[in-house]
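Chemist: Attaching a single structure in structure tokens format; questions to follow.
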Amino acid sequence: MSALLRRHPLLPVGLAFGAFLLFAPVFAERGTENDLWNMSFFVVLAAAWNLLGGFAGQVSLGYSAFVGIGAYTTVLLAKAGWSPWLTLPVGAALAAAFSVVVGLPTFRLRGPYFTIATIGVGEAVRVIASGLDFTGGSSGLRMPPGTFDFTANYYGMVGLALVTLVLVAWLQQHAFGLALEAIRQDIDGAEALGVNSTQVKLQAHAISSALVAVAGGLFATNFQYISPGSVFDFRLSLTIVLMPIVGGMGTLTGPVLGAMLFSYLQIKLLASPALRDSYLFIYGGLLIVVMLFEPRGIVGLLDRLRARLPRRRTQAVAEAHGAG
Amino acid sequence: MQKFVVVALNSLLAAGLYATMSYGLAVIYGVMRIINLAHAGLMMLAAYATWALNDRFALDPFLSMLVVAPAFFLLGMALYATLIRWLPRSQAGPSIQSLLLLFGVWLVLQNLAYAIWGGDTQSILTPYTMESVQLFGGRFGVPQILVFGVSILSLVGLNLVLRRTFLGKAIRAVTQNRDAAMLSGVNAGQIAAVAFGIGTAFAAMAGSMLSTLYAFTPDFGRSFLLKAFCIIVLGGMESFTGVAVGALVLAFIENFASAYTSIPVSYQDAISFTLLVVVLVAAPGGLPGLWRKLDRRVVAR
Amino acid sequence: MPAESGPILAVSAVSKRFGGLLALDSVSFEVQPKEIFSVIGPNGAGKTTLFSCLVGAVQPTSGSVRFRNEELKGLRNDEIVTRGLVRTHQIVKPFRDMTVADNIRVGVLYGRLRLRGAKARERVDEVLGRTQLTHRAQAKAGVLSIGELKRLEIARALATSPDVLCLDEVMGGLNPAEIQQAMGLVRALRDSGLTILMIEHHVHAVAGLSDRLVVLNFGKKIAEGRPAVALRDPAVVAAYLGDEPEPGAKA
């Protein structure tokens, strides 16, 4: 336990925050709950993306496809009479299967070549989804009546966020996490020590896309209506990538910090028309600043600040964390 | 047979534009090993600049290139000086860091266009937009023909610059072997700045030409970026001839696929993407690599 | 499990072409179990390319490599490593942002035995001890000295629990004392049951350690046999002195 604490000094803060999220419906107002729902949604997206993009260094710009698969699976099956909850594992399985189909050719590409290919995959999926009949085309699909239950959905999303974080932390501690890290640092070197890099990347892709698809299913149930414009929204796919990058790629806390920052930004953006029109300035500017000054994002920045603090204070802070 | 000739001519016309569009990406990749994702945003911005000049001063889009291309050359140099040159150089291949930085630039450019011109679809109408000429029983739009002509002119001009001038030779030297070029006294930083300027200017020319053929919004350019990337991968990433061949191959495949198969037009963009993945996976060296492989097999026999 | 008789590694007529360059020209030899077998030759003779072909880091253009009677052609690097054939690299490239122990752990977890849990930890400690890196276990690989990096390179390969270990110039850049140490390590590894293939520039080390060796020049095998005999072969002397051997002089 103390070893765990030393490794993750922010763990108690996280647990306390998790408890706050669980009890929020008891005292918080609906608006706040909505914001917290959205933040949990973002945490799932960011932390799941980070498994492949951060830990293994395979930056994909096509993750909104998995949100879409989860959302469409939920709506289509719900229309066929399924309980929305039962549709979630189906969406996850479909997304994982699709991630393997996409991953088999594209994972043979390295670094930026992989990234470019994922732009193509994302485009292709969006074009095809708008052209297919059963997706309702560009006019979208509505959930059947009687499927809306905000509180249940809220707990579903908060629970999924916690499951995602615990799963990612657990994977990072084990052989799988080390293999991802080895692939990120030197893929040839990893293979030379016996790591089947394609298999490991496919597994990471499948796990993260399944998590994202479940979030997509909950998204559909919560908003009751989906269209290519909402689930394949450019801003959403941008946000998925930017949260972990700005927060700190390849770290546990980075995606969470990123999700908090971007859900706050989202609230501000929706509140002010002037800001809404300049979200690309903000997102693009953040990306430029992070890449130029601190590619490890907010976590890197915090590390730098901590290194500047006198040693004694750092210890005191760590002890305070340990006591809390 | 007649249909074949017409489709082939259409492919040729498209290939000229494709080559111009891709060369900007190739020269930047060659000198700096950077994949310029902002290329799409630069094409879009140039399309708007061309439209604005046409709208305000009734300047012909093809003439406006004489203003737009030099302006974008300077813009490219400025981008290099303010952003690109601060990136750490990666020895081996292009880095994710540079890719994401330029992605950020693309987003900013998009927002710039939204802020100035709004999100409405724009297009440029000239007296010859609807004109066409009859040839081999097929109709060919005048803008298409003009675009082809200007593309060929600009590519020939660039080729002359690369082969005859000191600067051009230095660019080619850095592309082929950066370390050796630096040892022989080439200032790689300066060359990189100029190369980024040239790449940006070619993106601008492509954008101006695209604006005479297609309607556009601030989101314009993504599918053309993917096509350009497909072309330089086909062409083996850096050689001038490679880009031309890659452009021809993609243009022919696209045109013949839509003329002789029943692939819906809306899925046409998927052709370039599929081709991209197939080439990257099957022949990482692009067509030149494939050619060397086949060549060797013939020699071995 | 087939009886361990005959060569553990059989290389026959392996060629590798890079563009117009024939880096390996129909090279054949066999390595017996628990041998120390050296591959020597002037710079550019194709030694490192040969190792790359053995472990599947590059695919040979033609020819075959059989490891314990199994054809390796077409297998990937990681598949060959998990079968028990591993190499080190002349230019060491550890995972720089990982600790020494984690560098070794990758091979322990994903190599031939795929150990987990307590067994994996024991194996990491054992490898650290054997390569005298125990005191550096928690250091980041990026801060090691040259000698330590060379030992880490061996440790990483050793971590995969190979049967055949291919060492590419592990003594390059070491001082005489460190070379003695490295020679001792190679002998100890062989005595513990490993078969060793090594590329080495130090003729002294080669002559002192190897049971047998092959000599490559311009991608061709020009001599093979016991060090004392092979090193005196006229074709070998000519190759090292820069004399162009006459075509067909040594077949």
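Chemist: Please tell me if B:VAL133 is surrounded by fewer than 18 Cβ atoms within 10 Å (Cβ to Cβ), assigned to a strand (DSSP E or B), more than 13 Å from every other protein chain (Cβ to nearest Cβ) and not hydroxyl-bearing (Ser, Thr, Tyr).
Modeler: yes
This table checks each residue for (1) under 23 Å from A:SER197 (Cα atoms); (2) modelled with pLDDT of 90 or more; (3) assigned to a helix (DSSP H, G or I); (4) within 22 Å of the chain's Cα centre (by Cα).
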{"site": "A:TRP82", "(1), (2), (3), (4)": "no, yes, no, no"}
{"site": "A:PRO89", "(1), (2), (3), (4)": "no, yes, yes, yes"}
{"site": "A:PRO105", "(1), (2), (3), (4)": "yes, no, yes, no"}
{"site": "A:ILE119", "(1), (2), (3), (4)": "yes, no, yes, yes"}
{"site": "A:ALA124", "(1), (2), (3), (4)": "no, no, yes, yes"}
{"site": "A:ILE128", "(1), (2), (3), (4)": "no, no, yes, no"}
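Chemist: To continue, here is another question. Filter segment C:85-144 for residues that are within 11 Å of another protein chain (Cβ to nearest Cβ), touching an Asp or Glu at 6+ places or on another chain (Cβ under 9 Å) and in a loop (DSSP other than H, G, I, E, B) and give the result.
Modeler: C:THR88, C:HIS89, C:VAL92, C:LYS93, C:PRO94, C:PHE95, C:ARG96, C:ASP97, C:MET98, C:ARG112, C:LEU115
Chemist: All but one of (1) surrounded by fewer than 21 Cβ atoms within 10 Å (Cβ to Cβ); (2) over 15 Å from C:HIS89 (Cα atoms) hold for C:GLY111; which doesn't?
Modeler: Against the list (1) surrounded by fewer than 21 Cβ atoms within 10 Å (Cβ to Cβ); (2) over 15 Å from C:HIS89 (Cα atoms), C:GLY111 comes up short only on (1).
Chemist: Related question: Based on this model, can you work out whether A:THR151 counts as closer than 26 Å to A:SER83 by Cα and either within 14 Å of another protein chain (Cβ to nearest Cβ) or part of a loop (DSSP other than H, G, I, E, B) (or both)? Before you say what the answer is, go through the steps one by one.
Modeler: On the way: closer than 26 Å to A:SER83 by Cα: yes; either within 14 Å of another protein chain (Cβ to nearest Cβ) or part of a loop (DSSP other than H, G, I, E, B) (or both): no.
So A:THR151 does not fit the description; no.
Chemist: Any idea which of B:ALA247, B:ALA206 is modelled with pLDDT of 90 or more, part of a helix (DSSP H, G or I) and closer than 30 Å to A:GLY103 by Cβ?
Modeler: Details: B:ALA206 fails: closer than 30 Å to A:GLY103 by Cβ.
B:ALA247 is the lone residue from the list that is modelled with pLDDT of 90 or more, part of a helix (DSSP H, G or I) and closer than 30 Å to A:GLY103 by Cβ.
Chemist: With more than 30 Å from A:PHE114 (Cα to Cα), part of a loop (DSSP other than H, G, I, E, B) and touching a residue at least 60 places away in the same chain (Cβ under 8 Å) as the only criterion, which of B:ILE152, B:ILE124 stands out?
Modeler: B:ILE124 is the lone residue from the list that is more than 30 Å from A:PHE114 (Cα to Cα), part of a loop (DSSP other than H, G, I, E, B) and touching a residue at least 60 places away in the same chain (Cβ under 8 Å).
Chemist: Now for a separate question. Looking only at segment C:90-148, count how many residues are aliphatic (A, V, I, L, M) and under 21 Å from A:ASP186 (Cα atoms).
Modeler: Initially, segment C:90-148 is screened for residues aliphatic (A, V, I, L, M), giving C:91-92, C:98, C:100-101, C:104, C:106, C:108-109, C:113, C:115, C:118, C:120, C:124, C:127-128, C:133, C:137, C:139, C:141, C:143-144, C:146.
Remaining after also requiring under 21 Å from A:ASP186 (Cα atoms): C:91-92, C:98, C:100-101, C:104, C:106, C:108-109, C:124, C:137, C:139, C:141, C:143-144, C:146.
Result for segment C:90-148: 16.
Chemist: Filter segment A:269-303 for residues that are among the basic types (Lys, Arg) and either buried (at least 16 other Cβ atoms within 10 Å of the Cβ) or touching a residue at least 60 places away in the same chain (Cβ under 8 Å) (or both) and give the result.
Modeler: A:ARG296
Chemist: Of everything in segment C:180-237, what is of a type in the set (D, E, K, R) and part of a helix (DSSP H, G or I)? Give them in sequence order.
Modeler: If the condition is that a residue be of a type in the set (D, E, K, R) and part of a helix (DSSP H, G or I), then C:ARG187, C:ARG190, C:ASP191 are the ones that fit.
Chemist: Just the residues that are among the aromatic types (Phe, Trp, Tyr) and not in a helix (DSSP H, G or I), please, taken from segment B:27-73.
Modeler: Filtering segment B:27-73 down to residues among the aromatic types (Phe, Trp, Tyr) leaves B:29, B:48, B:51, B:57, B:62, B:72-73.
None; the set is empty.
Chemist: Can you name the residue in segment B:77-104 that is β-branched (Val, Ile, Thr) and surrounded by 17 or more Cβ atoms within 10 Å (Cβ to Cβ) and is also nearest to the other protein chains (Cβ to nearest Cβ) among such residues?
Modeler: Looking at residues that are β-branched (Val, Ile, Thr) and surrounded by 17 or more Cβ atoms within 10 Å (Cβ to Cβ), I get B:ILE96.
Chemist: Continuing with the same structure: Of everything in segment A:275-294, what is at pLDDT below 90 and not aliphatic (A, V, I, L, M)? Give them in sequence order.
Modeler: Of everything in segment A:275-294, those that are at pLDDT below 90 and not aliphatic (A, V, I, L, M) turn out to be A:ARG276, A:ASP277, A:SER278, A:TYR279.
Chemist: Scan segment A:231-242 and tell me whether some residue there is touching a Gly at 6+ places or on another chain (Cβ under 6 Å), buried (at least 23 other Cβ atoms within 10 Å of the Cβ), at pLDDT 85 or above and closer than 26 Å to A:ALA56 by Cα.
Modeler: Scanning segment A:231-242, I find no residue that is touching a Gly at 6+ places or on another chain (Cβ under 6 Å), buried (at least 23 other Cβ atoms within 10 Å of the Cβ), at pLDDT 85 or above and closer than 26 Å to A:ALA56 by Cα, so the answer is no.
Chemist: So B:LEU107 ticks every box in (1) within 13 Å of chain A (Cβ to nearest Cβ); (2) aliphatic (A, V, I, L, M); (3) surrounded by fewer than 24 Cβ atoms within 10 Å (Cβ to Cβ) but one. Which box is left unticked?
Modeler: (3)
Chemist: A follow-up question, please. Of these, A:GLY177, A:GLY156, A:GLY216, which one is surrounded by 16 or more Cβ atoms within 10 Å (Cβ to Cβ), part of a helix (DSSP H, G or I), under 14 Å from the mean Cα position of the chain (by Cα) and touching a residue at least 40 places away in the same chain (Cβ under 8 Å)?
Modeler: Matching residue, one of A:GLY177, A:GLY156, A:GLY216: A:GLY216.
Chemist: Can you pull out every residue in segment B:259-273 that is more than 14 Å from chain A (Cβ to nearest Cβ) and either under 22 Å from the mean Cα position of the chain (by Cα) or of a type in the set (A, V, I, L, M) (or both)?
Modeler: B:ALA259
Chemist: Which of the residues belonging to segment C:53-84 are within 13 Å of another protein chain (Cβ to nearest Cβ) and either aliphatic (A, V, I, L, M) or free of Cβ contacts under 8 Å to residues at least 12 places away in the same chain (or both)?
Modeler: Our first condition is that a residue be within 13 Å of another protein chain (Cβ to nearest Cβ); within segment C:53-84, this holds for C:54-59, C:61-62, C:75-84.
Correct list: C:LEU54, C:VAL55, C:ALA57, C:VAL58, C:LEU75, C:ILE80, C:VAL81.
Chemist: Please specify each residue of segment C:198-221 satisfying the condition of being of a type in the set (A, V, I, L, M, F, W, C) and touching a residue at least 40 places away in the same chain (Cβ under 8 Å).
Modeler: Scanning segment C:198-221 gives C:MET198, C:ILE199, C:VAL203, C:VAL206, C:LEU209, C:LEU213, C:VAL214, C:VAL215, C:LEU216, C:PHE218.
Chemist: Is it true that A:GLY68 is crowded, with 24+ Cβ neighbours inside 10 Å, assigned to a helix (DSSP H, G or I) and in contact (Cβ under 8 Å) with a residue 24 or more places away in the chain? First the steps, then the outcome.
Modeler: Values: crowded, with 24+ Cβ neighbours inside 10 Å: yes; assigned to a helix (DSSP H, G or I): yes; in contact (Cβ under 8 Å) with a residue 24 or more places away in the chain: yes.
When the stated conditions are applied, A:GLY68 passes them.
Chemist: Would you mention how many residues in segment A:203-224 are in contact with a helix residue (DSSP H, G or I) (Cβ under 8 Å, 6 or more places away or on another chain) and either on the phi > 0 side of the Ramachandran plot or within 14 Å of chain C (Cβ to nearest Cβ) (or both)?
Modeler: Residues in segment A:203-224 being in contact with a helix residue (DSSP H, G or I) (Cβ under 8 Å, 6 or more places away or on another chain) and either on the phi > 0 side of the Ramachandran plot or within 14 Å of chain C (Cβ to nearest Cβ) (or both): 1 in total.
The values are calculated or read from the model by the stated rules, or taken from the named source; none is laboratory data. Predicted model, so just to flag it, every value in this text is computed and none were measured. Counting neighbours? That spans all protein chains shown, and the Cβs are built from the backbone with ideal geometry, glycine included.
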